[in-house]
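Quick notes on the structure that follows.
The values are calculated or read from the model by the stated rules, or taken from the named source; none is laboratory data. No experiment lies behind these values; they were computed from the predicted model shown. Counting neighbours? That spans all protein chains shown, and the Cβs are built from the backbone with ideal geometry, glycine included.
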Amino acid sequence: MHTERHELFSQLWEQYRSVTPSAERVHQLLAERESRPIVNDHIALRTFNLDPVGLDALAEPFLALGYQPGGEYHFEAKKLYARHYEHPDQDAPKVFISELLVEKFPEPIQATIRNLVSEVDPDRVRRSDFPYSGRPWQISHETYLMLAEVSEYASWLAAWGYRANHFTVSINHLDSIQSVVEMNQLLKDQGFTVNDSGGEVKGSPEDLLEQSSTMADRVPVAFSDREAVIPSCFYEFARRYPKADGQLYTGFVAASADKIFESTHERRG
Ligand code: OOG
Ligand code: NI
């Protein structure tokens, strides 16, 4: 039952944890305290809004598994558009997919990104393993730094390609932790860095969603010219509240998401 869905998420998890040692450690820490398995609220994927790799193409393998489109989200300043997907089976993790609005950047940046995407084989995009297929283009460290100047989302995506940029622990399903505040305290006690952009707790009970995240780990990446240590992926924590009909809210909160994107930024100060 649901073996294909299970296979997709376990491949995404394996790829994610291989570059996210802190997620592996936090997951282990929680697993030791809990009597039941850790439940994943959602994952997130990133792409450019260019053919053949746009949001819709990245959503395809999830649609094939019975996922349906949910809310839409706009991020004016970061020049991003996002949509979430959910499955009729409430146990299935939700999927948050965003795309960079490439046409909103200066022409030389657009040309650089179009150049990367021109290396992508459309057949590769049509495969069901596309969401965890990694980086399909060559990129130099110099180009990575140039993109980071205008968009850290763009530089992250250019360096890492197709992979989950985070998994999300569902606090609702934990016995040993009740709130995002408590989760953040545990993280800090264990020496992890909590993303404090916009505050350590994003959202509120009124938003029906409270979230927090670690700052991405930093790991070495092989660029075409050299190796460099850059932000990889992060771990997120979500607590959902019931709507008027008693069902837990299944959407996202744009103002919170706007800050969570920054979990893969370079740490400053
Ligand atoms: C997605 C950020 C948004 C959420 O839960 O609101 C998000 C990303 O960093 O790609 O995950
Ligand atoms: Ni998230």
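Remarks
- Phe237 being in a helix (DSSP H, G or I), modelled with pLDDT of 95 or more and closer than 30 Å to Pro88 by Cα: no
- Matching entry among Ser179, Ser170, Ser204 (being within 16 Å of ligand 2 (Cβ to nearest atom) and touching an Asp or Glu at 6+ places or on another chain (Cβ under 9 Å)): Ser170
- Taken together, the criteria exclude Thr168 from residues that are among the polar types (S, T, N, Q), over 17 Å from the mean Cα position of the chain (by Cα) and surrounded by 16 or more Cβ atoms within 10 Å (Cβ to Cβ).
- Taken over region 57-90, residues that are out of contact with any strand residue (DSSP E or B) (no Cβ under 9 Å at 6 or more places or on another chain) and part of a helix (DSSP H, G or I) amount to 2.
- Identity of the residue in region 39-49, buried (at least 19 other Cβ atoms within 10 Å of the Cβ) and hydrophobic (A, V, I, L, M, F, W, C), that ends up nearest to ligand 2 (Cβ to nearest atom): Ala44
- For region 100-115, the criterion of being under 21 Å from Gln211 (Cβ atoms) and either within 16 Å of ligand 1 (Cβ to nearest atom) or more than 14 Å from the chain's Cα centre (by Cα) (or both) is met by none of the residues.
- Pairs with Cβ under 6 Å, 6+ apart, first in region 245-269 and surrounded by 14 or more Cβ atoms within 10 Å (Cβ to Cβ), second assigned to a helix (DSSP H, G or I): Val253/Asp207; Thr264/Trp156; His265/Glu152
- Residue within region 71-90 that is within 16 Å of ligand 2 (Cβ to nearest atom), at pLDDT 95 or above and surrounded by fewer than 16 Cβ atoms within 10 Å (Cβ to Cβ) present: yes
- Of the criteria (1) over 17 Å from the mean Cα position of the chain (by Cα); (2) within 16 Å of ligand 1 (Cβ to nearest atom); (3) acidic (Asp, Glu); (4) surrounded by fewer than 16 Cβ atoms within 10 Å (Cβ to Cβ), which one Glu200 fails: (4)
- A count restricted to region 127-143 and to residues that are surrounded by fewer than 19 Cβ atoms within 10 Å (Cβ to Cβ), more than 21 Å from Glu14 (Cα to Cα) and either touching a residue at least 40 places away in the same chain (Cβ under 8 Å) or more than 21 Å from the chain's Cα centre (by Cα) (or both) stands at 4.
- Selected residue (criterion: nearest to ligand 1 (Cβ to nearest atom)) from residues of region 227-244 that are surrounded by 18 or more Cβ atoms within 10 Å (Cβ to Cβ) and among the small types (Gly, Ala, Ser): Ala238
- Residues in region 205-226 that are assigned to a loop (DSSP other than H, G, I, E, B) and over 27 Å from Phe252 (Cα atoms): Phe223, Ser224, Asp225, Arg226.
- Only listed residue being out of contact with any His (no Cβ under 7 Å at 6 or more places or on another chain), of a type in the set (S, T, N, Q) and at pLDDT below 95, chosen from Thr20, Thr3, Thr47: Thr3
- Scanning region 253-269 for residues being near ligand 1 (Cβ under 7 Å from one of its atoms), touching a helix residue (DSSP H, G or I) at 6+ places or on another chain (Cβ under 9 Å) and under 22 Å from Leu208 (Cα atoms) gives a total of 3.
- Test: residue in region 156-166 that is assigned to a loop (DSSP other than H, G, I, E, B), in contact (Cβ under 8 Å) with a residue 60 or more places away in the chain and more than 12 Å from Arg46 (Cα to Cα): no
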